[in-house]
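Worksheet for the structure shown next.
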Amino acid sequence: MTWSNSLSEPWNDWLQSIEDFTSELSKLFNAKSTEFCPQVNLSSGLSKIILSLPDTQKSTRTVLMSEIDFPGMGFTLKKSLPEGSEVRFIPSNEDVTDLEVWKKYLTNDIDIVFVSHAYSNTGQISPISDVINHSKSKNIISILDIAQSAGIVPIDLNILKPDFMIGSCVKWLCGGPGAAFLWVNSNRLPFCNPRDVGWFSHENPFEFDIHDFRYTDTALRFWGGTPSVAPYITATNSIKYFNQLGIIKVREHNQKLIKVVEESFDDEFVSPRNEAKRGGTMILNFKNYQEKILKSLSDHKISVDLRSQGIRLSPHIYSDEDDMHQLIDVIKSTKF
């Protein structure tokens with residue numbers, strides 16, 4: 001529309017779209033809009049954060065994360081950290097919902113902790129507030145990953161106060177791919193000097209003086225070169241919808257539907273039964289009958305996916321109890 005309605009430079013309209021995006025994020029997470037920066041995906045945001053930290057490229061760092069974190073995050077950390085650094089893992093058999101487990105591994109030699117709010121393969125959520133606070137007490141930098149919780153579990157950055165956060169609109173926020181973001185705590189921001197920069201990291205992108213680069217004083221210093229705009233326009237409308245609906249309401253609806261399924265199965269329900277330790281997904285494992293049940297669900301046009309711990313289901317605001325009962329009926333009519 002910008003191109004068809006005017007012959008003038010479209011950047012004013014496009015940049016307003018980005019401001020709308022960060023404004024909706026600020027409402028969703030209760031933080032300043034200037035603390036958010038659009039990113040194409042989580043890996044981009046994470047690598048920019050690591051490369052921006054003071055002295056990170058001059059000395060080795062030890063980073064703690066869970067072995068059940070999304071693999072791409074581990075790949076990014078290993079390649080972004082200086083040679084000789086270590087990515088240390090909480091073993092996959094440890095309970096990431098237990099603060100004592102995190103305390104055991106947050107030893108004095110840890111420099112950075114990467115903590116996911118929710119884990120895609122298990123349906124678990126970690127005690128992020130306690131982990132972040134414990135990390136602060138030990139001067140450990142915290143990076144929070146909310147890819148699997150944004151839009152389904154309420155998050156208040158004004159209370160949590162991690163050092164950094166990365167997220168995406170591709171899952172519960174229903175915004176599609178290409179509209180990820182990073183968030184930087186205002187107390188941390190002045191000390192961040194991103195290396196992966198471009199003209200939109202500049203204090204005045206339209207100054208066009210090749211001899212004078214100055215970081216903008218907002219999180220947009222992490223932005224980089226010429227940005228995409230369309231994915232953020234799409235995502236903004238989606239985030240606005242969920243802001244108006246309220247994430248607490250979305251969470252209550254999601255957990256009510258999970259409860260319907262939980263009550264219908266015993267050992268097959270492998271996600272946490274304690275709601276406080278459970279994200280928005282549930283995992284069902286039927287062992288030797290997994291493939292048979294997957295085929296039956298597909299034949300009945302019920303969409304699920306298969307993860308390392310079992311069949312993953314993610315009921316959302318557009319799902320209802322009838323959908324859950326249909327799911328249960330199809331599974332139970334398939335002998336296992």
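The values are calculated or read from the model by the stated rules, or taken from the named source; none is laboratory data. Every value quoted in this text rests on a predicted model; they were computed, and no experiment measured them. Here the Cβ positions follow ideal geometry from the backbone for every residue, glycine too, while neighbour counts run over all protein chains shown. For accessibility, only protein heavy atoms count, side chains too; no ligands or nucleic acids. Shrake-Rupley method; radii C 1.70, N 1.55, O 1.52, S 1.80 Å.
Test N121 against the criterion of being over 20 Å from K240 (Cα atoms), in a loop (DSSP other than H, G, I, E, B) and free of Cβ contacts under 8 Å to residues at least 24 places away in the same chain, and give yes or no.
No.
Anything in region 123-156 that is open to solvent by 20 Å² or more (accessible area, probe 1.4 Å) and of a type in the set (S, T, Y)? List them, or say none.
Residues satisfying the conditions are S129, S137.
Scan the strands (runs of 3 or more DSSP E) fully inside region 243-336 and keep the ones with 3 or more residues being among the hydrophobic types (A, V, I, L, M, F, W, C).
Counting at least 3 such residues, we get 282-284.
Limited to region 157-175, what total is found for residues that are open to solvent by 20 Å² or more (accessible area, probe 1.4 Å) and out of contact with any strand residue (DSSP E or B) (no Cβ under 8 Å at 6 or more places or on another chain)?
Qualifying residue count for the region: 5.
Which members of region 310-325 meet the condition of being under 20 Å from the mean Cα position of the chain (by Cα) and either within 18 Å of F265 (Cβ to Cβ) or modelled with pLDDT under 95 (or both)?
Correct list: R312, L313, S314, P315.
Specify which of the listed residues (K78, K103, K48, K58) is at pLDDT below 95, more than 19 Å from S149 (Cβ to Cβ) and either under 15 Å from the mean Cα position of the chain (by Cα) or not aliphatic (A, V, I, L, M) (or both).
Result: K58 is the single residue among K78, K103, K48, K58 that is at pLDDT below 95, more than 19 Å from S149 (Cβ to Cβ) and either under 15 Å from the mean Cα position of the chain (by Cα) or not aliphatic (A, V, I, L, M) (or both).
Go over the candidates I283, I247 one by one and state the one that is closer than 30 Å to C37 by Cα, open to solvent by less than 40 Å² (accessible area, probe 1.4 Å) and in contact (Cβ under 8 Å) with a residue 60 or more places away in the chain.
I247
Name the helices (runs of 4 or more DSSP H) wholly within region 1-117 that hold at least 1 residues that are surrounded by 16 or more Cβ atoms within 10 Å (Cβ to Cβ), touching a strand residue (DSSP E or B) at 6+ places or on another chain (Cβ under 8 Å) and in contact (Cβ under 8 Å) with a residue 24 or more places away in the chain?
In region 1-117, the matching helices (runs of 4 or more DSSP H) lie at 11-29, 42-52, 71-80, 99-105.
I'd like the residue in region 199-244 that is β-branched (V, I, T) and crowded, with 16+ Cβ neighbours inside 10 Å and, out of all such residues, is farthest from W172 (Cα to Cα).
Checked region 199-244; the qualifying residue farthest from W172 (Cα to Cα) is T216.
Residue-wise test of (1) modelled with pLDDT under 95; (2) charged (D, E, K, R).
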site	(1), (2)
F208	yes, no
N237	no, no
S264	no, no
E268	no, yes
I283	no, no
